[in-house]
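Just below is one structure, and these are the notes that go with it.
The values are calculated or read from the model by the stated rules, or taken from the named source; none is laboratory data. Keep in mind it's a predicted model, so treat the numbers as computed, not measured. With ideal geometry, Cβ positions are generated from the backbone for all residues, glycine too; neighbour counts draw on all protein chains shown.
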Amino acid sequence: MAKKVQRMTYDEAAEAIDAVLARFRDERMSVDDMTAEVERATRLIAFCRERLRGVEEQLDRIIADNTPQEQ
């Protein structure tokens, strides 16, 4: 059974995206299977983007907190 996206790490989600891409390259799939895979990949990509945005915001806060203010 596939792990829920919200319970994955970024690395697990990225690996799952790679697996979806590999299945598209290597397997013959029905349209229904393709649709399900595209939906899963879309959720995984959104999850990864959100995680990256979160890290970017944290870094921005750290930089802002540690940047001397001009007077």
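Go through the range 6-43 residue by residue and tally those that are touching an Asp or Glu at 6+ places or on another chain (Cβ under 9 Å), modelled with pLDDT under 90 and among the hydrophobic types (A, V, I, L, M, F, W, C).
2
Do we have R51 as surrounded by 11 or more Cβ atoms within 10 Å (Cβ to Cβ), of a type in the set (K, R) and either assigned to a helix (DSSP H, G or I) or free of Cβ contacts under 8 Å to residues at least 12 places away in the same chain (or both) here? Steps first, answer last, please.
Numbers: surrounded by 11 or more Cβ atoms within 10 Å (Cβ to Cβ): yes; of a type in the set (K, R): yes; either assigned to a helix (DSSP H, G or I) or free of Cβ contacts under 8 Å to residues at least 12 places away in the same chain (or both): yes.
Criteria met by R51.
Any residue that is farther than 16 Å from R7 by Cα and of a type in the set (V, I, T) - is there at least one of those in the range 29-36?
To start, the set of residues in the range 29-36 that are farther than 16 Å from R7 by Cα comprises 29-36.
So of that shortlist, the ones also of a type in the set (V, I, T) come out as 31, 35.
So far as the range 29-36 goes, yes, one or more of its residues are farther than 16 Å from R7 by Cα and of a type in the set (V, I, T).
I'd like the full set of residues that are in contact (Cβ under 8 Å) with a residue 40 or more places away in the chain and either of a type in the set (A, V, I, L, M, F, W, C) or loosely packed, with under 13 Cβ neighbours inside 10 Å (or both), limited to the range 1-32.
Filtering the range 1-32 down to residues in contact (Cβ under 8 Å) with a residue 40 or more places away in the chain leaves 5-6, 10.
Residues satisfying the conditions are V5, Q6.
Determine, yes or no, whether T42 is over 21 Å from the mean Cα position of the chain (by Cα) and without any contact (Cβ under 8 Å) to a residue 12 or more places away in the chain. Can you show your working first?
Numbers: over 21 Å from the mean Cα position of the chain (by Cα): no; without any contact (Cβ under 8 Å) to a residue 12 or more places away in the chain: yes.
So T42 does not fit the description; no.
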